[in-house]
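Below is one structure, written out as structure tokens; the observations come after it.
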Amino acid sequence: MTSDGGSGGGGKSDGGGGARRPSGRERAAEARRRQAAADRRRKQLIIGGVVLVVVVLAVLIGVLVQHNTSENNKAKRNAYGAGQPFAAPTGVSSNPATQADPGGIVYGKPEAKVTVEVNEDVRCPFCKIAETLFGAINKEYADAGKAKIQYHLVDLIDRVGGGQGSLVGGATLACAADAGQAQFIAFHDLMFKNQPDEKDDAYGNIDTVLNLAGQVPDLRTATFDACGRTGRYAAWIKANYDWLSKKLGGSVGTPDIYIDGTPVLLKDTAAVPAAQQQADYRAVLDAAVAKQG
Amino acid sequence: MASKAPAKDAPTGGGLRGFVDTNSQWISLVMRILLAVMWFWYSVGKLGSPESNAQNVRDFRLLPESLVTPFGYAQPYLELALGLLLILGLGTRLVAIMSALLLLVYIVGIISLGARGIYISCGCGGSGGAVTKGHTRYTLDVLRDLLYMLPAAWLIWKPASKLSLERALLGDPI
């Protein structure tokens, strides 16, 4: 199959002997050449076979090793919050919260007419961008009593990228809802502000998350720490992922934001400037508020 | 070994052609290394995180779900194997053909993304994931893979190279 080089001298065995019979020596040389050529072809075939075997083995080993790694990752994820029954944090949007309808953590007055649904993952970089652009606006409308925000926290990045930061970080953030809306939103903003690189699973370490929570006033109590360490709301995070997956027809992407059911798409800030997107976002919110009277 | 042409007609070593002829085995060595480095580079970024590579494959929405995971898992190891064989210089033409085919798969995949209006950060070299419209670099990605086709094409044409295990095994001058 390979190696055209180095075979300079061969060939010309056909026409050469037209008039004259080849001598014994020439015939012996010709036989040796043929033998050498046959040996060479045989070696090349073997090399080709070895190459194919190497490639096939690489594929098989790859599938086995990666499958193993993936199973280990899954086992680690499942270990967090294992044995805890399903429970939802205080003040979620569905009552009662169930596995099928786990609800979102509400920020703002529950009786506010406009609902902003925010489906996000504490590890997801585009969620951080969405929070940077729209987080303050959400808070402003919620604090003014015009809208309530429902945060559905999911573990998308863990599932598609490995690790457990979405789960541990998200479940611990959910614990903050038990302490109160003010603590929740402060910790929420802090987590996105300090979000590690997508490939860095820093939030998978509960101590890192709890240390960060220490910056939020009146949050870190023994109850809060225990809630985070035991993974009390791990099942709630996973239930929210399943809920969102069902809602989106199996293809989960975050951030996924709706204002009274109207999806708001985060656009590339290079294409649509941040200020424009914020103005558009306000316009949708204002329209929803006006519509609700 | 190649033409010790008499200094009359053939311009010995004259111009690019002469240079290529006299040094083709060294050029092939360079091409082997280039292609191998590319495969190592492609492979290393994916080895650590099977889930994210499977997801990158899934994002292309080309393979049926039952094939997404096996392909995503095997892909970095296949790339690693191709790189390794190129460095060793074993079955160079066969490996170059497989390299070209795999690159072709990538190129077709990326082009089809653009054609179907799917916006992802194509994960051949780096991170993947969905991106917003306008954030894609499909043209660059395709150009990059086309560029990598060049060493593969050269090696299919001239697989014989310096310092290759294959030639040592065949008893040719290495």
Flag for A:Val114 being under 22 Å from A:Asp242 (Cβ atoms), at pLDDT 95 or above, out of contact with any Cys (no Cβ under 6 Å at 6 or more places or on another chain) and assigned by TED's automatic domain parsing to the domain that holds A:Asn211 | no
Among the candidates A:Gly16, A:Gly49, which residue alone is in a helix (DSSP H, G or I), out of contact with any strand residue (DSSP E or B) (no Cβ under 6 Å at 6 or more places or on another chain) and either under 30 Å from B:Ser49 (Cα atoms) or at pLDDT 90 or above (or both)?
-> A:Gly49
Has segment A:134-153 got at least one residue that is within 14 Å of the chain's Cα centre (by Cα) and closer than 27 Å to B:Thr69 by Cβ?
-> yes
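Given the criterion within 14 Å of chain B (Cβ to nearest Cβ), in contact (Cβ under 8 Å) with a residue 24 or more places away in the chain and farther than 30 Å from B:Gln75 by Cβ, identify the matching residue among A:Ala87, A:Ala37. Walk me through how you get there before you give the answer.
Working: A:Ala87 fails: within 14 Å of chain B (Cβ to nearest Cβ).
After ruling out the rest, the residue left standing is A:Ala37.
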Mind checking whether some residue in segment B:42-62 is farther than 19 Å from A:Gly162 by Cβ, touching a Pro at 6+ places or on another chain (Cβ under 9 Å) and either more than 9 Å from chain A (Cβ to nearest Cβ) or modelled with pLDDT of 85 or more (or both)?
-> no
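Taking the options A:Asp268, A:Asp242, A:Asp260, name whichever one is closer than 20 Å to A:Lys74 by Cα and of a type in the set (Asp, Glu). Before the answer, list the steps.
Working: A:Asp268 fails: closer than 20 Å to A:Lys74 by Cα; A:Asp260 fails: closer than 20 Å to A:Lys74 by Cα.
Selected residue: A:Asp242, the only one of A:Asp268, A:Asp242, A:Asp260 that is closer than 20 Å to A:Lys74 by Cα and of a type in the set (Asp, Glu).
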Where residues in segment B:66-105 are within 11 Å of chain A (Cβ to nearest Cβ) and touching an Asp or Glu at 6+ places or on another chain (Cβ under 7 Å), which of them is surrounded by the fewest Cβ atoms within 10 Å (Cβ to Cβ)?
-> B:Leu90
Could you say which residue among B:Pro159, B:Pro173 is more than 22 Å from B:Trp39 (Cβ to Cβ), at pLDDT 65 or above and not in a helix (DSSP H, G or I)?
-> B:Pro173
Only residues that are at positive phi and small (Gly, Ala, Ser): list them for segment A:249-271, please.
-> A:Gly249, A:Gly250, A:Gly261
Name, by its number, the condition in (1) in contact with a Gly (Cβ under 6 Å, 6 or more places away or on another chain); (2) in a loop (DSSP other than H, G, I, E, B); (3) touching a residue at least 40 places away in the same chain (Cβ under 8 Å) that does not hold for A:Thr269.
-> (1)
Enumerate the pairs (first residue in segment A:92-118 and at positive phi; second residue anywhere and among the acidic types (Asp, Glu)) with beta-carbon separation below 8 Å, excluding pairs fewer than 6 apart on the same chain, so at least 6 apart or on different chains.
-> A:Gly108/A:Asp143
Test set (1) among the charged types (D, E, K, R); (2) in contact with a helix residue (DSSP H, G or I) (Cβ under 7 Å, 6 or more places away or on another chain); (3) in contact (Cβ under 8 Å) with a residue 12 or more places away in the chain - B:Glu51 fails condition number = (3)
What number of residues within segment A:241-266 are touching a residue at least 24 places away in the same chain (Cβ under 8 Å) and polar (S, T, N, Q)?
-> 2
Within segment A:215-259, which residues are closer than 17 Å to A:Phe184 by Cβ and of a type in the set (Phe, Trp, Tyr)?
-> A:Phe224, A:Tyr233, A:Trp236
Cβ-Cβ under 8 Å pairs, at least 6 apart or on other chains, segment B:16-36 side in contact (Cβ under 8 Å) with a residue 40 or more places away in the chain and part of a helix (DSSP H, G or I), far side among the β-branched types (Val, Ile, Thr) and loosely packed, with under 15 Cβ neighbours inside 10 Å = B:Ile27/B:Val20
Can you confirm whether segment A:88-99 contains a residue that is assigned by TED's automatic domain parsing to the domain that holds A:Asp178 and under 23 Å from the mean Cα position of the chain (by Cα)?
-> no
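Please verify whether segment B:82-96 includes one or more residues that are assigned to a helix (DSSP H, G or I) and at pLDDT below 90. Don't jump to the end; show me each part of the working.
So in segment B:82-96, the residues assigned to a helix (DSSP H, G or I) come out as B:82-88, B:92-96.
Still in the running and at pLDDT below 90: none.
Checking segment B:82-96: not a single residue is assigned to a helix (DSSP H, G or I) and at pLDDT below 90.
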Taking A:Gly103 as the residue in question, decide whether it is buried (at least 19 other Cβ atoms within 10 Å of the Cβ) and under 26 Å from the mean Cα position of the chain (by Cα).
-> yes
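The values are calculated or read from the model by the stated rules, or taken from the named source; none is laboratory data. Here the structure is a predicted model, which means the values were calculated and not measured. Glycine also receives a Cβ, built like all others from the backbone with ideal geometry; neighbour counts cover every protein chain displayed.
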